[in-house]
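Down below is the structure, laid out as structure tokens.
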Amino acid sequence: YSDPDGWQNIAAANFYLSGNGGLNNEWLHYLVAPNLFTMMGTSEVCNPGQVKTLSSGNLTLDCAASSVSGSGTVLAVTFRVTPQAPSQGIQYNIFSAASDQAGAAFAIFAGTWGIQ
């Protein structure tokens with residue numbers, strides 16, 4: 001994720017998976033100011049590197065293996081996710097999005113992920 005005003009200006013980094021024509025949706029967020037990961041489908045939160053997992057039932061986020069670092073205009077976020085049994089056979093479209101402190105947002109299509 002990048003922001004011309006510097007990575008510290010990014011408010012949220014989002015990782016969105018849309019499967020089966022939008023019937024299966026998974027949202028993962030990294031919120032910069034509180035330094036927290038969140039995941040749609042759970043009220044739990046965690047910090048990068050914390051020994052904890054978040055699960056929606058379809059995916060599990062491993063907080064201990066997920067990381068965040070910033071330098072210059074770039075915020076690098078690694079969302080370490082593992083598909084769970086209900087995701088078997090789903091072809092996900094992957095989107096990456098960020099929003100900044102001023103409310104500007106940018107999103108891109110980042111590829112596909114087929115769960116076997």
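The values are calculated or read from the model by the stated rules, or taken from the named source; none is laboratory data. Since the model is a prediction, treat every value here as computed from it, not as a measurement. Ligands, DNA and RNA are stripped out before the accessible areas are found, and what is left, the full protein with its side chains, is counted by its heavy atoms. Shrake-Rupley method; radii C 1.70, N 1.55, O 1.52, S 1.80 Å.
The number of residues in segment 18-44 being at pLDDT below 95 and of a type in the set (D, E, K, R) comes to 1.
Condition test on Thr38, is it within 12 Å of Phe79 (Cα to Cα) and not small (Gly, Ala, Ser)? Against the criterion (within 12 Å of Phe79 (Cα to Cα) and not small (Gly, Ala, Ser)), Thr38 qualifies. Going through segment 4-27 one residue at a time, which ones are hydroxyl-bearing (Ser, Thr, Tyr) and either on the phi > 0 side of the Ramachandran plot or open to solvent by 40 Å² or more (accessible area, probe 1.4 Å) (or both)? Listed by number, the list holds a single entry, Tyr16. Of the strands (runs of 3 or more DSSP E) lying entirely inside segment 28-107, those carrying at least 2 residues that are open to solvent by less than 30 Å² (accessible area, probe 1.4 Å) are 36-39, 59-62, 74-78, 91-100. I'd like the full set of residues that are under 17 Å from Asn9 (Cα atoms) and over 15 Å from the mean Cα position of the chain (by Cα), limited to segment 35-74. Of everything in segment 35-74, those that are under 17 Å from Asn9 (Cα atoms) and over 15 Å from the mean Cα position of the chain (by Cα) turn out to be Gly70, Ser71, Gly72, Thr73, Val74.
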